[in-house]
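Below is one structure, written out as structure tokens, with a few remarks after it.
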Amino acid sequence: MADAGSASVGTIPVQHLRAGDHAFVSYADDDAGRDVASAFAWAGLVKREKVMIFAAPHMDEEEVWGRLDAPGALLGSARNQGQLVLSSMRALIHPQEAFTPVRQWERITQETDRALAEGYSGLRTYIDMHWVGHLGADVEVMMHRESHAQHLFTDRPYTEICAYDSRWFHPGVLAAMHEAHPCRLLPGLGALHTEQAEGQVQLAGEADLATREQFIAAVREGLRRGEDAGQPLIVDLTGLVFLGVACAVDLLRLVLEHPHGPVQVNCPPTSARILRRAGADQVPHMVISEVDR
């Protein structure tokens, strides 16, 4: 069971979600983000969690199943056994017709307890926020729910993705909800997110041939900033799901080209092995620090 300190923070790929995470993701077209929902569902099934999908109300059931890559042996079995459930916000809050945060919180708590009683390790939900318009709910009330829901996750094996259609919600609402969620997801699989901070460059997602130029630009900028400030640099790769050999070689090359001071690379053991095989031990001022998520 997750403890209060185990929830993820910042921008992460969907593969790094853990029990206790409350995540925000946005999408801008009908096909965008379908891989996030699918990966989220599959990961829950593998972890023996119960998975509930609250899709956009305008989508019919067969369309939702198709977006989850059904039919398949695992998904079909999970569907038949009740481990994977399609539902709606209207059904969740029944018999109440109007949405209230208290009613939704109560029902999610009940569904989490029910999942545990059924022998699952926890509950995860994917909630498309189009339900707000479908139920005629007040957006301000919804925002209150989103920013005051931490009790659903603290010391509870509950994980939730809230998916916002950026074409429907006002930019101010999207910005507020982006900040209200402890973690924000990359919009799809195969993406790379980079952030620059003082003495540190953080990378999350996938560093491969498709994102190689973005990876190079982020590391180069971090090294430049460190050189200008005359301080060591931390390259944080702990948010990566995948580190390709080409990007690993690029990292070593860039560090060799900027020998201004120590460079510490924080990374999971798999990335550390790739870097060492690429010749990291031949870069004298670089230190690899293995970090387990």
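The values are calculated or read from the model by the stated rules, or taken from the named source; none is laboratory data. Remember, it's a predicted structure, so these values are computed and weren't measured experimentally. Cβ coordinates were reconstructed from backbone atoms using ideal geometry, including for glycine residues, and neighbour counts include every protein chain displayed.
Details
- Selected residue [under 21 Å from the mean Cα position of the chain (by Cα) and surrounded by fewer than 17 Cβ atoms within 10 Å (Cβ to Cβ)] from THR270, THR238, THR211: THR270
- Residue list for segment 48-64, restricted to those being at pLDDT 95 or above and surrounded by fewer than 17 Cβ atoms within 10 Å (Cβ to Cβ): ARG48
- Taking the numbered list (1) modelled with pLDDT of 90 or more; (2) crowded, with 17+ Cβ neighbours inside 10 Å; (3) of a type in the set (Lys, Arg) in turn, ARG67 passes all entries but (1).
- Residue match in segment 126-139 (condition: closer than 23 Å to ALA32 by Cβ, in a loop (DSSP other than H, G, I, E, B) and at pLDDT 95 or above): yes
- Within segment 31-50, being part of a helix (DSSP H, G or I) and of a type in the set (Lys, Arg) holds for one residue alone: ARG34.
- Some residue of segment 218-232 being within 20 Å of the chain's Cα centre (by Cα) and crowded, with 17+ Cβ neighbours inside 10 Å: no
- Residue in segment 70-94 that is surrounded by the most Cβ atoms within 10 Å (Cβ to Cβ), counting only those that are assigned to a helix (DSSP H, G or I), among the small types (Gly, Ala, Ser) and modelled with pLDDT under 90: ALA78
- Single match in GLU146, GLU111 (criterion: assigned to a helix (DSSP H, G or I), touching a residue at least 12 places away in the same chain (Cβ under 8 Å), within 20 Å of the chain's Cα centre (by Cα) and within 17 Å of ASP21 (Cα to Cα)): GLU146
- Qualifying helices (runs of 4 or more DSSP H) (wholly inside segment 179-293; at least 3 residues being closer than 23 Å to GLY10 by Cα and touching an Asp or Glu at 6+ places or on another chain (Cβ under 8 Å)): 212-229
- Taking the criterion of being more than 20 Å from THR238 (Cβ to Cβ) and charged (D, E, K, R), the residues of segment 156-204 that qualify are ARG156, GLU160, ASP165, ARG167, GLU179.
- Subset of segment 16-47 that is modelled with pLDDT of 90 or more and loosely packed, with under 15 Cβ neighbours inside 10 Å - its residue that is farthest from THR154 (Cα to Cα): ALA28
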